[in-house]
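Scroll down for the structure; my scribbles are underneath it.
Each value in this text was obtained by applying a stated rule to the coordinates, not by laboratory testing. No experiment lies behind these values; they were computed from the predicted model shown. Reconstructed Cβ throughout: ideal geometry from the backbone, glycine too, with neighbour counts over all protein chains shown.
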Amino acid sequence: MKSVTIGDKIIELRKKYNYTQERLANLVGVSRQTLSNWEGNITSPDLKQAQVITKLFKVSLDDLVDNNTEVECIDNQSILSKLVGKTITVDTDTDDYRLNFMTPCKVVEVDHEFLKIEFKSGKKIITKLIDLNLIFSITLLDEGDEK
C-alpha cells in the first residue's frame with residue numbers, strides 16, 4: 001500500500017470541488033502560499049485548519065491525516081450531468097408527498113449540491129431542487145416506462 005500524504009489528499013479534494021488554491025486558502029483562512037506548501041508536503045495544516053478542511057470536504061480528520069487512507073475522487077456532477085433531459089425516478093429522504101420513488105421526473109439541471117427535477121402533481125408541473133445528500137437512489141427509466 002502506498003503512503004498518501006495530507007498534501008496529496010488536499011490536492012485531490014480541492015480538485016474534486018473545483019477550488020483554486022486561492023479560493024481554498026481563503027475558505028481555510030490562510031495564504032495561497034501556505035496552501036501551496038501543504039500541497040507540496042513542505043508543511044502541514046495545524047489542527048484547527050485541518051478541521052476546517054474536513055468540514056469543507058466532508059471527510060473525517062482520521063482519513064485526512066492517515067497516510068494509509070487514499071483519496072479516490074470522481075466528479076459526481078459529470079456522472080449526473082449525463083441524466084439531464086432524461087426521465088428518472090428518485091428515492092429521497094424528503095417528506096414531499098408529491099414525490100415518491102415511483103414518480104417519473106425529468107432531470108433539468110445538476111450541480112455539485114443539487115439535482116433540479118420537474119414532475120407532475122395532478123395538473124401542475126412542479127420544479128424541485130433536491131440536495132444530493134438526500135438521494136438514496138436514482139433509476140433511469142426507458143422511454144417506454146415514462147408515464
Q | Area projected by the alpha carbon convex hull of region 76-145, averaged over all directions, nm² | A | 4.4 nm²
Q) Within the set Lys15/Lys116; Lys16/Lys124; Lys48/Lys106, which residue pairs have Cα atoms separated by over 32 Å? A) Lys16/Lys124; Lys48/Lys106
Q: Mind pulling the per residue volume of the convex hull built on the Cα atoms of region 6-65? Å³ is fine.
A: 66 Å³
Q) Once Lys and Arg get +1 and Asp and Glu get -1 on their Cβ, which of Asn100, Leu47, Leu64 lies farthest toward the positive end of the dipole of the chain? A) Asn100
Q. Which of the lysines could be linked to Lys9 by a straight reach, that is with a Cα gap under 16 Å, when you skip same-chain ones fewer than 8 residues away?
A. Lys55, Lys58
Q. Could you give the dipole magnitude of the chain about its Cα centre, charging the beta-carbon of Lys and Arg +1 and that of Asp and Glu -1, in debye to the nearest 20?
A. 500 debye
Q: May I ask for the angle, rounded to the nearest 10°, between helix 47-57 and the longest principal axis of the chain, with both axes built from Cα atoms and the value confined to 0 to 90°?
A: 20 degrees
